[in-house]
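Following: one structure in structure tokens, then a few remarks.
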Amino acid sequence: VSRLILVLGDQLDLESAAFDGLDASRDVVWMAEVKHESTKVWSTKARIAVFLAAMRHFRDDLRARGITVDYRQLGEPGGETFAEQLRSAIRRLKPQGLIMVEAGEWSVGREIEEVAAEMGVTLEARTDRHFLCSREMFQRHAERRTQFRMEFFYREMRQHTGVLMEAGKPAGGQWNFDHDNRGSFGKEGPGLRIPPRRFTPDELTKSVIADVDAHFPGHPGSLVEFDWPVTVVQAREALQDFITHRLPEFGRYQDAMWTSEPWLYHSRLSAAMNLKLLHPSVVIAAAEQAYKDGLAPLEAVEGFIRQILGWREYVRGIYWHFMPGYLERNAMHAEHELPAFYWTGETDMQCLRDVITQTLRLGYAHHIQRLMVTGLFALLYGVQPRRVHEWYLAVYVDAVEWVELPNTLGMSQYGDGGVMASKPYVASGKYIQRMSNYCQGCRYDPAQSTGPRACPFTTLYWDYLLQHEPVLRRNQRMGMQLKNLSRLSAGDREAIQKQAASFRAACDSST
Ligand code: FAD
Ligand code: SF4
């Protein structure tokens, strides 16, 4: 073998730089289903199946193009970690060198470098063309500032790419339509919508489902409803389906939640994009075209594009800028374990029950469910950011460390002390009441912070402010919340702290 081209599970892109100059008569592509990747965090069956189904389809696609693929399926010999499988492949195939696109996870990149060095084979890691902002470009952005803010980065990206720009100015005269994009569904609920396009598993995906059930029987979730896009063709169909049926309302309802309604107006494209089945520029161009054709309003299109051209590129920049130390950060000194109900959904808090049950079942929750239900609870409760990170990495079909970690540890837990978020995203149960119908079916009352019907979010919210008041005082953006805190009497404070302590003690003892 001349060169071994390594393709990781989240690098399923035919246009990938790893294939530049490929000589199909001598080069071999290497792919491996590595058990350790699904067990180092207790992955949901949906997450494992999305990766493996997409990998097997990609393998077959490469073979149909005359490319030799050395592929190891689950359970085949060679080992259970990347390092073991790669060592074994190098011994068998004796390549002159290894080629890959930079890994999406810091530790996987290191693991491969170490194996290459140990086996005395050269390794060429090429820049990932999937992203619109390279690591070097983000580095230049970062060098110029002491404080990181997504908004400034996003504006630079709009100018750099020309997306939603008209004669050098932002389309509609504004960079940001966030104030139009905070609607809830009121009392009536989301009403009738065309459900998202489903992808019934074909024979190959069925073989993956059988393998996942056989190799990971005790893992959370089920594959009965598995319907994710796992090929380029399916991913493009999913994109078109979203642009036609949901994009026009995406902006207005992007923060809203409703019981037993996982999809609402969201795109369900994150897994396809993170696996690299879909290039972000294709997604962005489709949304921009819908605006130009008058099929979707600017607020919706800008809101959607901001998530991809802004947030998605930004979190990747933050990840590489701050790794590996980022993983260890715990700015608020949170020390609790993750409550056990995160793995079962068995809690009487209606919002958490709905979001966790849905998450384990489907491997999906939308942004506000992740940030303001499961994330908010863990933050207020005081769970170690590392434990929260491990849960998020395990449960979602789109979970890859470069995007999951800054969102979880930084944005939702404030574990980085203000790199991702300018203040902790803290709120009481009243926020959830405003943005959803969860509280209607709950035994707790979001307006109460003490007593038998006190909503745990509300109790913990005040307790969080009391606990961290000295640190939060230094943050101007917390002014309003701390002003409200100062209105609490000494008796109220004491009662809240007592209630929070006994709630945590009860929860911890069942964990
Ligand atoms: P839509 O709501 O339709 O949004 C469109 C696209 O924008 C998404 O597909 C995604 O590619 C991108 N996007 C939106 N928000 C973000 C964001 N904050 N960061 C990066 N990209 C974004 N996203 C992941 O892809 N993988 C993760 O592991 C992940 N973990 C998260 C953990 C927490 C605690 C939070 C708060 C957010 C996380 N996100 C993650 C971001 C976001 O929640 C998901 O991208 C989104 O819910 C995926 O569903 P969708 O495709 O329907 O998104
Ligand atoms: Fe969640 Fe509190 Fe509302 Fe119950 S009352 S659904 S716990 S926010």
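If you take all other residues with their beta carbon under 15 Å from the beta carbon of GLY168, and give Lys and Arg +1 and Asp and Glu -1, the sum is +1. Dipole orientation for the stretch 3-126: of the candidates MET119, GLY78, LEU14, GLY78 has the Cα lying most toward the positive pole (charges on Cβ; Lys, Arg +1; Asp, Glu -1). The order of the peptides 356-364, 458-466 by mean Cβ neighbours within 10 Å, most packed first, is 458-466, 356-364. Exposure proxy for HIS160, HIS333, HIS279: other Cβ atoms within 10 Å of each Cβ, ordered fewest to most, give HIS333, HIS160, HIS279.
Once the Cα atoms of helix 203-215 and of the chain are each reduced to a long axis, what angle between those two axes, in degrees from 0 to 90 to the nearest 10, is obtained? Relative to the chain, helix 203-215 is tipped by roughly 70 degrees.
Which order do the peptides 374-381, 249-256, 37-44, 286-293 come out in when sorted by mean C-beta neighbours inside 10 angstrom, highest first?
Per-residue mean Cβ counts within 10 Å order the peptides as 374-381, 249-256, 37-44, 286-293.
Computed over neighbours whose Cβ is under 12 Å from that of ILE356, the net charge equals +1, Lys and Arg +1, Asp and Glu -1. Couplings 3J(HN,Hα) for the stretch 258-264, derived from phi with the Karplus relation 6.51 cos²θ - 1.76 cosθ + 1.60 (θ = phi - 60°), are 8, 3, 6, 10, x, 8, 6 Hz, where x marks Gly and Pro.
The charge dipole of the chain, taken about its Cα centre with unit charges on the Cβ atoms of Lys, Arg (+1), Asp and Glu (-1) only, comes to about 1120 debye. Each residue of the stretch 314-329 was assigned a 3J(HN,Hα) from its phi angle through the Karplus expression (A = 6.51, B = -1.76, C = 1.60, θ = phi - 60°), giving 5, 5, 5, x, 4, 4, 6, 5, 10, 7, x, x, 3, 4, 8, 5 Hz with x at Gly and Pro. Distant-in-sequence amide contacts of HIS336, defined by a placed amide H-H separation under 5 Å and a gap of 5 or more residues or a different chain, comprise VAL383, GLN384. Of THR259, THR344, the sequence from fewest to most neighbouring Cβ atoms within 10 angstrom is THR344, THR259. Rounded to the nearest 10 degrees, the angle from helix 456-472 to the longest Cα principal axis of the chain is 90 degrees. Summarising the amide proton neighbourhood of ASP70: residues at separation of 5 or more, or on other chains, whose placed amide H is nearer than 5 Å comprise VAL29, TRP30, MET31.
With helices as the sole contributors, the chain gives -13500 deg cm²/dmol at 222 nm; each DSSP H run of n ≥ 4 counts as -39500 (n - 2.57), and the sum is divided by every residue. Per-residue 3J(HN,Hα) values for the stretch 229-239, derived from phi via the Karplus relation 6.51 cos²θ - 1.76 cosθ + 1.60 with θ = phi - 60°, read x, 10, 10, 4, 4, 5, 4, 5, 5, 4, 4 Hz in sequence order (x marks Gly and Pro). Among CYS439, CYS507, the order by Cβ neighbours within 10 angstrom, fewest to most, reads CYS507, CYS439.
Close amide H contacts of ARG3 (hydrogens built in the peptide plane, cut-off under 5 Å, sequence separation of 5 or more or a different chain): ASP27, VAL28, GLN96. In the chain, the longest principal axis of the Cα atoms and the axis of helix 350-362 are about 10 degrees apart.
Of the listed pairs LYS35/LYS206; LYS40/LYS276; LYS187/LYS423; LYS430/LYS498, which have alpha-carbon separations greater than 25 Å here?
Pairs exceeding the cut-off: LYS187/LYS423.
Any read-out appearing in this document is the output of simple, stated calculations on the displayed coordinates, not a laboratory observation. Everything numeric here is computed off the predicted structure, so don't read it as measured data. When we count neighbours, we look across all protein chains shown, and the Cβ atoms used for this are built from the backbone with ideal geometry, even at glycine.
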